[in-house]
């Protein structure tokens, strides 16, 4: 696959959260690389509260990693 | 998306818990940005014990991150 | 919401476990603040092994946080 | 509830694993304290592969906590 | 139960992964000690993608513990 | 099983993510070693949003481990 992840460093906590979202989606994309199937699936779960909660959980796990990699965006 | 996350620092543990709830909801909102769909979905899972437990789990994962970022609100 | 979480510090490991249970329930309560709906839901999942296991999992995640905040109740 | 958790310290890794199992079960018992319902539920999920895997997951999360509290049973 | 876990230390990362698999299975075995039921259940979930993914998740959680206990098999 | 995991060290964060994917798949393969069943199952879940999200979650957990083993690919 092409280069898509240069580093876990981000400038702000919000950018870190958005990186966590990207990581969650890439975890899906490696298993299902067909963009049409992916988009159809995303439409399906975007209206399904159970799947939305599950995908939010994956984001939460990745955010733990990204936040730690950035020392929680503190200057210490 | 607009600025919504300035920092992971909070003054108290309870505020940290409330930030964890916000992070959980934002994880959903990035996937489903339509507020009407979101509100309809929230009504649906608020009465469903299984979904309530799952969403409480996402909060728990984010709370781990926020608590660590705040050194567990201890003064040491 | 009223003040309900003063600190993550507890005197003993068991009190820490009980705080983890409280945190799990509060994660639900923020989404469904209606006590009558909450109590009805709790009755429902208290007899459902799958939901009991899931709620025990949320407790386990919060217990990780509380245990760490208390340095695992060791004197070192 | 009576005293049931004195400490997270155990002499061996296996005892730590067994403590993790106890913690998982106590997470259930706080929600459903009726021993008859608990035993009926346990019979139900003991024959259900999906629930067995889920309960094994809760054990895994608690084992992380117990292992860390014991510094992974290394002498360093 | 007999002695089955001497230590979390392994010589290599792969042996650590295999220990994580053993821990996952033992988490099930403590709840369902009947080997015939266990083997029947394993046959059932070995053909079920959802259960295979869930069991892989338990392995992942235990692998975090084992990897940390071995300092990630680095010499530092 | 043959040697398949030499080390958790990778040169880049993206290679670390790809190792996390490999670890997730190996967690499945140890339970279901028959490649034909595995491939049939993968086809099944690749079109199922719920299973895709679950498998992305396993990747996220392994990525935590790999990222930590590599000190988050920072030079410090």
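Just a few scattered comments:
- Residue D:22 part of a loop (DSSP other than H, G, I, E, B), under 15 Å from the mean Cα position of the chain (by Cα) and either at negative phi or surrounded by fewer than 19 Cβ atoms within 10 Å (Cβ to Cβ) (or both): no
- Some residue of region B:4-14 being crowded, with 19+ Cβ neighbours inside 10 Å, facing chain C (nearest Cβ under 10 Å) and outside any loop (DSSP other than H, G, I, E, B): yes
- Any hit, region F:45-64, residues being more than 26 Å from residue E:43 (Cα to Cα) and surrounded by fewer than 24 Cβ atoms within 10 Å (Cβ to Cβ): yes
- Test for residue F:52: is it more than 9 Å from chain E (Cβ to nearest Cβ) and over 21 Å from residue E:62 (Cβ atoms): yes
- Residue satisfying all of: in region D:65-76; on the phi > 0 side of the Ramachandran plot and surrounded by 19 or more Cβ atoms within 10 Å (Cβ to Cβ); farthest from the other protein chains (Cβ to nearest Cβ) among these: D:73
- Filter result for residue A:27 (buried (at least 21 other Cβ atoms within 10 Å of the Cβ) and under 14 Å from the mean Cα position of the chain (by Cα)): yes
- Residue match in region F:34-44 (condition: within 23 Å of residue A:4 (Cα to Cα), within 16 Å of the chain's Cα centre (by Cα) and surrounded by fewer than 22 Cβ atoms within 10 Å (Cβ to Cβ)): no
- Counted residues, region D:26-51 - those being within 21 Å of residue E:55 (Cα to Cα), outside any helix (DSSP H, G or I) and either in contact (Cβ under 8 Å) with a residue 40 or more places away in the chain or in contact with a helix residue (DSSP H, G or I) (Cβ under 7 Å, 6 or more places away or on another chain) (or both): 1
Every number here is computed from the coordinates shown, using simple stated rules; none is lab data. These numbers were taken from a predicted model, which means no experiment stands behind them. Glycine gets a Cβ as well: all are built from the backbone with ideal geometry, and neighbour counts include every protein chain shown.
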